[in-house]
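Report on one structure; see the data block that follows.
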Amino acid sequence: TTRLSGDKADAQVLESAYKNGIPVEGAVVKEIKGGFEVKIGGKRAFCPFSQMGYRQKEDAAFFIGKHLTFKIQQFENDGRNLVVSNRAILEAEANEQLATLAETLKEGMLVKGTVAKLQSYGAFIDIKGFQALLPISEVTRGHVDDIATVLTEGQEIEAKIIKADWDHERVSLSMKALEKDPWDTIAAKYKVGTKCDGTIARIAEFGLFITLEPGIDGLLHISK
């Protein structure tokens with residue numbers, strides 16, 4: 001990243017930075033029509049609203065007074081007409097980080113992460129800055145109606161990567177895959193004639209589904 005001083009020197013260094021794609025540091029001075037005024041050395045530059053920040057959008061006031069890194073997208077009239085982008089820098093950093101994660105996080109791997117956000121359909125798990133989805137159906141072998149009853153934000157978990165689509169930046173996880181499959185021992189544990197306790201899980205027109213243990217539901221037919 002280039003720091004500048006001196007008007008003539010600034011123009012020469014800025015032109016070199018523009019031609020070679022070298023990032024420069026600047027201070028966001030104020031909001032103006034269509035974007036921000038940015039001071040880079042002794043020069044004034046323009047950063048459009050669309051080129052400030054990246055995925056996490058903030059109000060314009062958030063950026064005022066901040067020292068940020070920019071890429072020069074337009075250099076004209078010896079630096080009197082400068083257009084810069086902070087988004088280009090952040091996007092390049094994100095792509096670099098994503099490429100590194102794609103090389104290290106593969107389908108079938110076990111990973112540790114932190115629950116970042118809970119949704120009705122699952123939880124977003126933070127793994128080294130990337131948020132992967134843990135679907136509610138993959139939390140446990142038992143039935144879960146409300147994910148908040150089994151997970152909390154900030155909780156550390158271990159899960160298996162069951163799908164990694166880095167082209168679309170989608171990674172799916174499963175905690176259920178780490179649990180033993182109760183159906184592996186069901187024949188020995190629940191023999192015909194065995195008496196067992198259970199909990200009514202669902203009611204259907206033809207009978208009741210009874211949970212014997214997480215992941216194992218039996219059907220009690222209406223005729224029985």
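The values are calculated or read from the model by the stated rules, or taken from the named source; none is laboratory data. These numbers come from a predicted model, not from an experiment. Using ideal geometry, Cβ is built from the backbone for each residue, glycine included, and neighbour counts are taken over all protein chains shown. For the accessible areas, the whole protein counts, side chains as well, though only heavy atoms, and no ligand, DNA or RNA atoms are used. Shrake-Rupley method; radii C 1.70, N 1.55, O 1.52, S 1.80 Å.
Kirkwood hydrodynamic radius, computed over distinct alpha-carbon pairs, for region 157-220: how many Å, to one decimal?
14.6
From the phi of every residue in region 209-221, what ³J(HN,Hα) in whole Hz does the Karplus formula 6.51 cos²θ - 1.76 cosθ + 1.60 yield, where θ is phi - 60° and glycine or proline is x?
Listing the rounded values in order: 9, 10, 7, 8, 6, x, x, 10, 10, x, 9, 9, 5 Hz.
Give the angle, between 0 and 90 degrees and rounded to the nearest 10, that separates the Cα long axis of helix 7-20 from the longest principal axis of the Cα atoms of the chain.
40
Just to be sure I understand: of the beta bridges DSSP finds with both ends in region 1-117, what percent are antiparallel, rounded to 5?
Around 90 percent of the beta bridges assigned by DSSP in region 1-117 are antiparallel ones.
Give the angle, between 0 and 90 degrees and rounded to the nearest 10, that separates the Cα long axis of helix 87-104 from the longest principal axis of the Cα atoms of the chain.
Relative to the chain, helix 87-104 is tipped by roughly 40 degrees.
With Rg and the Kirkwood Rh both taken from Cα atoms, where does Rg over Rh land for region 38-156?
Expressed as Rg/Rh, it is 1.16.
When only DSSP loop residues count, what GluC sites (Glu not before Pro) in region 167-209 have their Cβ near at most 10 other Cβ atoms within 10 Å?
Qualifying residues, ordered by number: Glu205.
Which is farthest toward the positive dipole end of region 15-160 among Gly42, Leu98, Ile72, measuring Cα position about the Cα centre, with Cβ charges +1 (Lys, Arg) and -1 (Asp, Glu)?
Selected residue: Gly42.
Which value, in Å², gives the accessible area per residue of region 67-206 when a 1.4 Å probe is used on the protein heavy atoms?
Ligands and nucleic acids excluded, the figure is 65 Å² per residue.
Using the Karplus curve 6.51 cos²θ - 1.76 cosθ + 1.60 with θ = phi - 60°, work out ³J(HN,Hα) for each residue of region 146-163 in order, rounded to whole Hz, and write x for Gly and Pro.
10, 5, 5, 7, 10, 10, 10, 4, x, 6, 8, 10, 10, 8, 10, 6, 9, 7
At what distance in nm do the modelled label points of Thr194 and Arg170 sit from each other, each positioned 7 Å from its Cα along Cα→Cβ?
Using points 7 Å along Cα→Cβ, the separation is 3.9 nm.
Over the Cα atoms of region 73-224, what Rg and Dmax result, in angstrom?
23.7, 91
Under 5 Å between amide H atoms, partner at least 5 residues away or on a different chain: which partners does Gly35 have, H built in plane at 1.01 Å?
Those lying under 5 Å, H to H, from Gly35 are Phe49.
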